[in-house]
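The values are calculated or read from the model by the stated rules, or taken from the named source; none is laboratory data. Everything quoted here is computed from the prediction, not taken from an experiment. Glycine gets a Cβ as well: all are built from the backbone with ideal geometry, and neighbour counts include every protein chain shown. For accessibility, only protein heavy atoms count, side chains too; no ligands or nucleic acids. Shrake-Rupley method; radii C 1.70, N 1.55, O 1.52, S 1.80 Å.
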Amino acid sequence: MAEDERALLGSAGGGEEEEEEEEEEEDGGGSPGSLRALPAACDPRRLPHRLLVLALMCFLGFGSYFCYDNPAALQTQVQRDMKVNTAQFMALYAWYSWPNVVLCFFGGFLIDRVFGIRLGTIIFSIFVCVGQVIFALGALLNTFWLMDMGRFVFGIGGESLAVAQNTYAVSWFKGKELNLVFGLQLSMARIGSTVNMNIMGWIYSRVQDLLGYTGPSTLGLTLMIGGITCLFSLTCALILAYLDKRAEKLLCKEQGKTGEVIKLTDVKDFSFSLWLIFVICVCYYAAVFPFIGLGKVFFIEKFRFSSREASAINSIVYIISAPMSPVFGLLVDKLGKNIIWVLCAVVTTLASHIMLAFTFWNPWIAMCLLGLAYSLLACALWPMVAFVVPEHQLGTAYGFMQSIQNLGLAIIAIAAGMILDTRGYLFLEVFFSACVCLSLIAVVMLYFVDHLTGGDLNWSAKKREKLQKVAATEAEEQERLRRQNEDDLAKLQPKADEFSLRNKYLSKLGAQLPDNYSSYLSTMVHRSVLK
């Protein structure tokens, strides 16, 4: 590696090498020396090296998403071994969400201003690892409140790690390839959730066979084994930090930043359309994530599925989301009409919950529909914020949206557990359907509000692109006129100053100046140019 850096940073000798260096810089490299000595896998500008960085970025959040749904994959075991009811079980999800009600506003700030992207990513990965270890120790020691604290620490790192992951992506990839990178990161996150749903029960069984009994010790060891994925993600964070630091030195590029600017005073300027988007977000996700958290036992008790079958069907939402999120993202980008897509997703989700609540049809149908709707809504809803908020308020808007989403998930998770303990699964499904109905009402209101106010949320992609080109042309014309005015001022300024000095000299000599040669002439010249 030392030889690579010397080859890269060494000064070029001779005119031919300098010309080659200039050509390399024009091709996109900012390195001071020749990159020919580096193999493709070690050159930060070459595709093989960037693919390696992309793989590390994707695996950076794998452990976090894998362990997030550990409780859902082991619901029966957690409630039996720890002797807790459903409300206490769902509190494990609530404790994850509580810190992120606040941290969503400060995650980007900590990365930009305090830690930096590399150190920040490592610190958040450590929080995820430590939180999972505390969670597992709580089970080993048969101390449920310690498990709650573990989930709280885990939550401190989880959401902020996702912000760091996106910041790395923006730093290494630009333009059209950035959309693909975000899609791949989301797909890897869903794969992590899917693997968790289908493997944690099997790991528990193997640990049970090894120890010869069930109980807190078996549960704790199972969770500790699951935490290996967090250590794997921490390793990826360390390697990624080294590669990013190396690329910064070799390519003379700046460390990545989120670019978020959070101003809580901007909240008072949020439009009614944006508040409706917040309502849609909270009510919709409240009917998805808590349901998945309780879904495994639901399918076992209502549809008499085996534990493995219940895990498989409960993970189908994530399985579908992994490949379909990039596809739906491309579809929405090409066609526009975001409100219509959101409406389709909400109606489909409502149909899925009604089927699960009131029929005994094959639940695979309802869950596949739910997976498609969940993927579609994420691609159509979140970009709408950028259409109704000025660019300088985007950080605040997205931070507030994530904050109230986590607040809603924490409250709904506890409420869902209490409903299930007292009323049963039918009433719980009615509750989830009511949440989706509220989301549906908000979507319909958003459609009419956007239509009456002349908004662009439901424009087609072609219309939006056409108007963006017109706006860009007008901005370029205004910039051209501004520069022309500055050039005119620069030309007039010396003459005006010279003319003023001449008049002052003549007046000192006692010469009579005409009225139109007043001392205000210079100012009048500037005013006429600025009109």
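What the table below lists for this structure:
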item: Any hit, region 328-346, residues being open to solvent by 10 Å² or more (accessible area, probe 1.4 Å) and outside any helix (DSSP H, G or I); result: yes
item: Failed item in (1) at pLDDT 95 or above; (2) open to solvent by 50 Å² or more (accessible area, probe 1.4 Å), with residue 402 passing the rest; result: (1)
item: Residue 417 under 14 Å from the mean Cα position of the chain (by Cα) and over 19 Å from residue 455 (Cα atoms); result: no
item: Selection status of residue 387, open to solvent by 10 Å² or more (accessible area, probe 1.4 Å), more than 14 Å from residue 317 (Cα to Cα), outside any helix (DSSP H, G or I) and of a type outside the set (S, T, N, Q); result: no
item: Unique match (being among the hydroxyl-bearing types (Ser, Thr, Tyr) and open to solvent by 10 Å² or more (accessible area, probe 1.4 Å)) among 171, 160; result: 171
item: Residue that is of a type in the set (A, V, I, L, M, F, W, C) and either open to solvent by 40 Å² or more (accessible area, probe 1.4 Å) or in contact with a Leu (Cβ under 7 Å, 6 or more places away or on another chain) (or both), where the choices are 367, 355, 324; result: 324
item: Inter-residue pairs, beta-carbon under 6 Å, first within 15 Å of residue 172 (Cα to Cα) and in region 42-67, second not in a helix (DSSP H, G or I), 6+ apart; result: 43/35; 45/29; 49/43
item: Search result, residues across region 58-105 that are small (Gly, Ala, Ser), open to solvent by less than 10 Å² (accessible area, probe 1.4 Å) and either farther than 19 Å from residue 225 by Cα or in contact with a Cys (Cβ under 6 Å, 6 or more places away or on another chain) (or both); result: 63, 94, 97
item: Residue list for region 461-489, filter: of a type in the set (S, T, N, Q) and touching a Leu at 6+ places or on another chain (Cβ under 7 Å); result: 485
item: Hey, residue 115 without any contact (Cβ under 8 Å) to a residue 40 or more places away in the chain, surrounded by fewer than 18 Cβ atoms within 10 Å (Cβ to Cβ) and in contact with a helix residue (DSSP H, G or I) (Cβ under 7 Å, 6 or more places away or on another chain) or not; result: yes
item: Answer residue from region 208-228, given it is β-branched (Val, Ile, Thr) and modelled with pLDDT of 95 or more and is farthest from residue 164 (Cα to Cα) among those; result: 218
item: Selection count, region 421-455, where residues are of a type in the set (Ser, Thr, Tyr), in contact (Cβ under 8 Å) with a residue 12 or more places away in the chain and under 29 Å from residue 295 (Cβ atoms); result: 3
item: Any chance residue 180 is of a type in the set (A, V, I, L, M, F, W, C), surrounded by 22 or more Cβ atoms within 10 Å (Cβ to Cβ) and at pLDDT below 95; result: no
item: Selection count, region 290-306, where residues are touching a residue at least 24 places away in the same chain (Cβ under 8 Å) and surrounded by fewer than 18 Cβ atoms within 10 Å (Cβ to Cβ); result: 3
item: Residue within region 191-214 that is in contact (Cβ under 8 Å) with a residue 40 or more places away in the chain, out of contact with any Lys or Arg (no Cβ under 8 Å at 6 or more places or on another chain), surrounded by fewer than 17 Cβ atoms within 10 Å (Cβ to Cβ) and more than 22 Å from residue 293 (Cα to Cα) present; result: no
item: Selection within region 86-130 - within 18 Å of the chain's Cα centre (by Cα) and basic (Lys, Arg); result: 118
item: Residues satisfying the stated conditions in region 359-377, i.e. assigned to a helix (DSSP H, G or I), touching a residue at least 12 places away in the same chain (Cβ under 8 Å) and over 12 Å from residue 320 (Cβ atoms); result: 363, 366, 377
item: For residue 41: the one exception among (1) outside any loop (DSSP other than H, G, I, E, B); (2) closer than 30 Å to residue 121 by Cα; (3) at pLDDT 75 or above; result: (3)
item: Members of region 456-476 that are open to solvent by less than 80 Å² (accessible area, probe 1.4 Å) and free of Cβ contacts under 8 Å to residues at least 60 places away in the same chain; result: 467, 470, 471, 472, 475
